[in-house]
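Just so you know, all these numbers are worked out from the coordinates, no wet-lab data involved. None of the values given here were measured: they were computed from a predicted structure. When we count neighbours, we look across all protein chains shown, and the Cβ atoms used for this are built from the backbone with ideal geometry, even at glycine.
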Amino acid sequence: MNMTDPIADMITRIRNGVRARLPRVDVPQSRLKVEIARILKDEGYIANFRTVEDGLQGVIRVFLKYGPGMERVITDLQRVSRPGCRIYCGKDQIPRVYGGLGINILSTSRGVMTGRAAAREGVGGEILCNVW
């Protein structure tokens, strides 16, 4: 399978998993995706994640999170910057997501971080995705 945008694939798998109320989804592993999973966990959008060796590139097992009545914690995830159309923002142009209720995940010169953290650090970067 030719994968031009592995980040979009990860986002789609999580989005579909949440909509189908799955307990977990597996995503092929990469350093960037591990960083994205770490932010989703730190920000409380997923319960946990684990890396699993499968003899190939490895798998990130993402444990999805729901409220007490199985309400979705993640309403939606959106890929912003795509391989065909990269979207960058300076430290002063970091957009708010869903009126400040959501987060954006940026790839900056100081690593992967939320838009809020990037603004605090005073760095801009590539907007990978929005989560709310």
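Projecting label points 7 angstrom from Cα along Cα→Cβ for T75 and S109 puts them 3.5 nm apart. Only Lys, Arg, Asp and Glu carry charge here, each on its Cβ (+1 for the first two, -1 for the last two); on that basis the chain has a dipole of about 180 debye about its Cα centre.
If you wrap the tightest convex hull around every Cα atom of the stretch 6-64 and split its volume per residue, you get 70 Å³. Taking amide H as placed 1.01 Å from N in the peptide plane, T51 has its amide H under 5 Å from the amide H of R61, each at least 5 places away in sequence or on another chain.
For R82, the residues whose modelled amide H falls within less than 5 Å of its own, excluding neighbours fewer than 5 places apart on the same chain, are I87.
Once the Cα atoms of helix 6-19 and of the chain are each reduced to a long axis, what angle between those two axes, in degrees from 0 to 90 to the nearest 10, is obtained? Its long axis makes an angle of about 60 degrees.
Among A118, A37, A20, which one shows the highest mean-square fluctuation when the chain is modelled as a Gaussian network with alpha-carbon springs under 10 Å? In this elastic network of the chain, the residue with the biggest mean-square fluctuation among A118, A37, A20 is A20. Each part gets one Cα centre, and for the stretch 15-64 versus the stretch 75-93 those centres are 20 Å apart. Ordering V62, I7, Q29 by Cα displacement along the dipole of the stretch 6-64 toward the positive end leaves V62 in first place; charges were set at the Cβ atoms of Lys, Arg (+1) and Asp, Glu (-1). Subtracting the Cα-Cα distance of V34 and L101 from 0.36 nm times their residue separation leaves 21.8 nm of extension gain. Relative to the longest principal axis of the Cα atoms of the chain, the long axis of helix 31-42 makes an angle of roughly 90 degrees.
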